[in-house]
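Enquirer: Provided herewith is a single structure, encoded as structure tokens, for subsequent inquiry.
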Amino acid sequence: MNQSVTRFFPLIFILLGVLVMAILPLAAQEHWPAVIQTLKQQVRSNRGDESLRNQLAIAHNNYAMALGSQKKWEEATRQMEEALQLDRQNARFKENLSLVHFNHAYQLYQEPNRTHSYQSYRHLKAKGLVEKALRLNSKLAPAYVLLGDIEYDNQQLPKAERAWEKAQKLDPHMNGLASRLDRVDRESEVESDMNSVADLHFTLRYDDSVKRSTGFNIRRVLQQARLDVGRDFQYRPEHKIVVLLYSKATFRKVREGAPEWLAGIFDGKIRVPMPENERDLGSVKGTVVHEYTHAVVHELSRGRVPHWFNEGLAEYQEAKFAKTRKPASSLKQALDADELVPWSQVESLFRGRSIDQVKLGYDQSHSVVAYLAQRYGFWHMPRLLKQMAQGASFEEALRQEFKSPAERLEKDWKRWLPRFF
């Protein structure tokens, strides 16, 4: 099961101050480089004129705002530093430079991986930018939240908690903070003493109820999943993915409110409850592949894929790993009774309280992915996800990738469905 991580502060140039220049017409202010050049010449010719220096500083500030709205962070930073060089005591300039650093850090943090070890690089750079932002403005609560998110993703739970607590002191009502702190408090209680197995691509941790040999066994499953799932999706994350193995009781404690039938969670980290009987490890291996697929899908789509289709992709990969298909009796019954759920409504099955509804959701999602893979080839899937990452809706991406509207694909799937059994 996939549960995407909630982020609550938007990537916008928030609160950046625009200081209107009284000596220049508004039309001219749209051309900041020319304005700045003219003012520099005037300042050189009138070195004792403080008002001209102030106008030049304001021009740099306003040009930085324009650059920031275009996400040209390096040049925006340079312009804000020029403004501060001219007026070092200006509190607004310091706040604005702080926001440039923060927004740059947030964009880096949200970007998908592009090259080898890119997540490690972007997390390191984002953390450095956030720390710069906080040195300039120690009251910027969203920056502490972002710092906490970065530390949390890297399994630095005490540091994440401290950052989020600082944010809460600054803004007690900020959306999402209470749930973050509650989550890290529950996780720290059980994860601080977890054992670990070193790996190049995974940070694998497990509690005392899990045998060390089992940890190594799961690590091999993850390594194979990285190869096999990566081959299908034409993508292998180079950064380390955190994988946490719990006893069933501990899993329920960490994830309060999770339904009893839940076999695993991906919420930015892979979390799997382990069976009490070692003989039941086979199903856990399938769950690990399932949740690892969610991690890959999340990165390729930037979290924009519909939940039901995400589950279908994970079920498809899990079935390939297990080399057997789970019984799809609920789907067969729906087909026989002419009660298949329209694609546009499959999402609602996963929100149902009935286990039968949820099972139908998994089975139907799996069958849709199986149909598209068999009819068109699985190699279309990563392309589909990348289109959604770039902003296309699911329906638009289907039409572009399969050269057919979703309605037509759904009709063809219904005709094909008996072969699924």
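Enquirer: Give me the residue from the range 64-88 that is within 30 Å of Glu238 (Cα to Cα) and polar (S, T, N, Q) and, out of that set, surrounded by the fewest Cβ atoms within 10 Å (Cβ to Cβ).
Expert: This residue is Gln70.
Enquirer: Quick test for you: out of Phe251, Phe202, Phe216, Phe266, pick the one residue that is more than 30 Å from Asp182 (Cβ to Cβ) and outside the structural domain of Trp379 (by TED's automatic domain parsing).
Expert: Phe216
Enquirer: Please count how many residues of the range 345-364 are part of a helix (DSSP H, G or I) and without any contact (Cβ under 8 Å) to a residue 60 or more places away in the chain.
Expert: The total comes to 13.
Enquirer: From the list Ala160, Ala167, which residue is farther than 19 Å from Gln110 by Cα and under 21 Å from the mean Cα position of the chain (by Cα)? Give the derivation first.
Expert: On the way: Ala160 fails: farther than 19 Å from Gln110 by Cα.
Sole residue among the options that is farther than 19 Å from Gln110 by Cα and under 21 Å from the mean Cα position of the chain (by Cα): Ala167.
Enquirer: Filter the range 166-187 down to the residues that are of a type in the set (S, T, N, Q) and either under 18 Å from Gln156 (Cβ atoms) or touching a helix residue (DSSP H, G or I) at 6+ places or on another chain (Cβ under 9 Å) (or both) and list them by number.
Expert: Gln168
Enquirer: Next question, about the same structure. Between residues in the range 396-421 that are among the acidic types (Asp, Glu) and residues that are in a helix (DSSP H, G or I) and surrounded by 18 or more Cβ atoms within 10 Å (Cβ to Cβ), which pairs lie under 7 Å by C-beta distance while being six or more apart or on different chains?
Expert: Pairs that qualify, where the first residue is among the acidic types (Asp, Glu) and the partner is in a helix (DSSP H, G or I) and surrounded by 18 or more Cβ atoms within 10 Å (Cβ to Cβ), are Glu401/Leu384; Glu401/Gln387; Glu410/Trp343.
Enquirer: Are there helices (runs of 4 or more DSSP H) fully within the range 89-194 with at least 1 residues that are on the phi > 0 side of the Ramachandran plot, touching a residue at least 60 places away in the same chain (Cβ under 8 Å) and buried (at least 18 other Cβ atoms within 10 Å of the Cβ)? List them.
Expert: Result: empty, no element qualifies.
Enquirer: What about Gln41, is it closer than 23 Å to Lys139 by Cα, surrounded by fewer than 19 Cβ atoms within 10 Å (Cβ to Cβ), more than 34 Å from the chain's Cα centre (by Cα) and assigned by TED's automatic domain parsing to the domain that holds Gln110?
Expert: no
Enquirer: May I pose another question? Scan the range 172-208 for residues that are over 22 Å from the mean Cα position of the chain (by Cα) and over 23 Å from Lys248 (Cβ atoms) and report the count.
Expert: 4
Enquirer: Still on this model: Taking the range 242-263, which residues are under 21 Å from the mean Cα position of the chain (by Cα) and crowded, with 22+ Cβ neighbours inside 10 Å?
Expert: Correct list: Val243, Leu244.
The values are calculated or read from the model by the stated rules, or taken from the named source; none is laboratory data. Predicted model only: the values in this text are computed from it and were never measured. No Cβ is skipped: glycine too gets one built from the backbone with ideal geometry, and neighbour counts run over all protein chains shown.
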